[in-house]
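Novice: Sending over a structure as structure tokens; questions will come in a sec.
The values are calculated or read from the model by the stated rules, or taken from the named source; none is laboratory data. These figures come from a predicted structure and were not determined experimentally. Quick reminder, even Gly has a Cβ in these numbers, built from the backbone with ideal geometry, and neighbours come from all protein chains shown.
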Amino acid sequence: MKKYTAAALVTLALVLAPIVVTVEWKPTTAAVLPWTTFSESTADTLSASPGQCRQGVIMVVTLEKAGAAYMYFYAPDTGRVVFATFSPEGRPAEIGVGTVAPNAHDNIPPLAWTKFDGEGRHAGGPCALLYPDQA
């Protein structure tokens, strides 16, 4: 139950976080998702709900697979997606950002992964990552 509470708090904090952030990308392959398509992830979905950024409505999804917690945020108007992995303690561990190709809506796109930095590059929450040109 702690994991779900932590995930809910992280979701709330990310959605309500300030929108301005400076992003410096240093891709890593450390985080690997257990799915290659969004359809595959539906069996592991704990919750899915609309969210709100100043720039538009987003989708917020919480998932769990083999005891590991994940979240993703998707902006349908930009095609950008942000995935988050969590430590066993329920803290965000890594953030992956990518753009879904217009002709491949079900495929999870290649993601640029970085270690979570809540006070630096990720302080603006998912809205700043989903709408980087408007942050």
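Novice: Show the residue pairs that are 6+ apart or on different chains and have beta-carbon atoms under 7 Å apart, the first residue being within the stretch 42-64 and farther than 24 Å from residue 90 by Cβ and without any contact (Cβ under 8 Å) to a residue 60 or more places away in the chain, the second being surrounded by fewer than 16 Cβ atoms within 10 Å (Cβ to Cβ) and not polar (S, T, N, Q).
Specialist: From the stretch 42-64, the pairs are 57/50.
Novice: What are the residues in the stretch 70-89 that are within 14 Å of the chain's Cα centre (by Cα) and not hydroxyl-bearing (Ser, Thr, Tyr), if any?
Specialist: Within the stretch 70-89, 71, 73, 75, 76, 79, 80, 81, 82, 83, 84, 86 meet the criteria.
Novice: Filter the stretch 64-85 down to the residues that are of a type in the set (Val, Ile, Thr) and crowded, with 19+ Cβ neighbours inside 10 Å and list them by number.
Specialist: Across the stretch 64-85, the qualifying residues are 81, 82, 85.
Residues checked against (1) among the polar types (S, T, N, Q); (2) buried (at least 17 other Cβ atoms within 10 Å of the Cβ); (3) at pLDDT 95 or above:
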{"residue": "14", "(1), (2), (3)": "no, yes, no"}
{"residue": "87", "(1), (2), (3)": "yes, no, no"}
{"residue": "91", "(1), (2), (3)": "no, no, no"}
{"residue": "116", "(1), (2), (3)": "no, yes, no"}
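Novice: For the stretch 103-114: of the residues being surrounded by fewer than 19 Cβ atoms within 10 Å (Cβ to Cβ) and among the hydrophobic types (A, V, I, L, M, F, W, C), which is farthest from residue 77 (Cα to Cα)?
Specialist: So the residue we want is 112.
Novice: Anything in the stretch 28-69 that is of a type outside the set (Asp, Glu), farther than 20 Å from residue 80 by Cα and more than 13 Å from the chain's Cα centre (by Cα)? List them, or say none.
Specialist: Correct list: 30, 43, 46, 65, 66, 67, 68.
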